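The values are calculated or read from the model by the stated rules, or taken from the named source; none is laboratory data. This one's a predicted model, so the numbers in the text were calculated from it and none came from an experiment. For neighbour counting, all protein chains shown are included, and Cβ atoms are generated from backbone atoms with ideal geometry for every residue, glycine included.
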Amino acid sequence: MRDKRVVQFLVAGLLAALVLQSVGYFLDHSRPRLALEELVLFNWLNLLFAPVSFLARLANPDSAAVYPWPVFFLVLIGNGFFYGAACKLLQLFFTRVAHKLVYEETLADEPSRAAREHRVSGDIFEVENL
């Protein structure tokens with residue numbers, strides 16, 4: 001990949017999913033049953049920072065918070081690619097906005113330039129006193 005920013009986002013996505021998977025592992029092994037508050041907080045964190053992991057848990061939310069090894073690696077890679085795709089979409093959006101702003105600035109400058117060049121003398125608009 002040529003774009004360093006996309007690679008940075010990809011690695012951030014991998015790390016976010018890895019951290020949330022390790023938190024889920026410790027939550028699973030610390031107690032036999034999770035409290036509802038902990039489960040809700042863990043699901044919200046997964047939804048915000050590791051959406052692929054959250055989508056994988058939608059099938060069975062009461063299952064263990066950690067996946068078997070093949071699914072674990074797929075979740076890590078999927079979350080990394082999600083972050084990379086989000087970075088690329090944000091880059092495209094902001095470059096488009098920047099180009100649009102520059103285009104609108106040039107359009108806004110055009111009428112003022114035309115008004116400066118074509119001044120109308122005030123003789124035409126003078127009205128006689130009645």
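The table for this structure:
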item: Near pairs, Cβ below 6 angstrom, 6+ apart or cross-chain, from the range 1-28 (under 14 Å from Leu47 (Cα atoms) and touching a residue at least 60 places away in the same chain (Cβ under 8 Å)) to any residue that is of a type in the set (A, V, I, L, M) and in a helix (DSSP H, G or I); result: Ala17/Val75; Ala17/Leu76
item: Pairs where the first residue, in the range 82-97, is within 15 Å of Val11 (Cβ to Cβ) and the second is surrounded by 14 or more Cβ atoms within 10 Å (Cβ to Cβ) and among the small types (Gly, Ala, Ser), C-beta under 7 Å, 6+ apart; result: Phe82/Gly13; Tyr83/Ala12; Tyr83/Gly13; Gly84/Gly13
item: Which listed residue, of Val75, Val19, Val66, Val52, is part of a loop (DSSP other than H, G, I, E, B) and surrounded by 13 or more Cβ atoms within 10 Å (Cβ to Cβ); result: Val66
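Results for (1) at pLDDT 85 or above; (2) in contact with a helix residue (DSSP H, G or I) (Cβ under 8 Å, 6 or more places away or on another chain), shown as yes or no for each residue.
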site	(1), (2)
Leu15	yes, no
Asp28	no, no
Pro32	no, no
Trp44	yes, no
Asn60	no, no
Pro70	no, no
Tyr83	yes, yes
Asp109	no, no
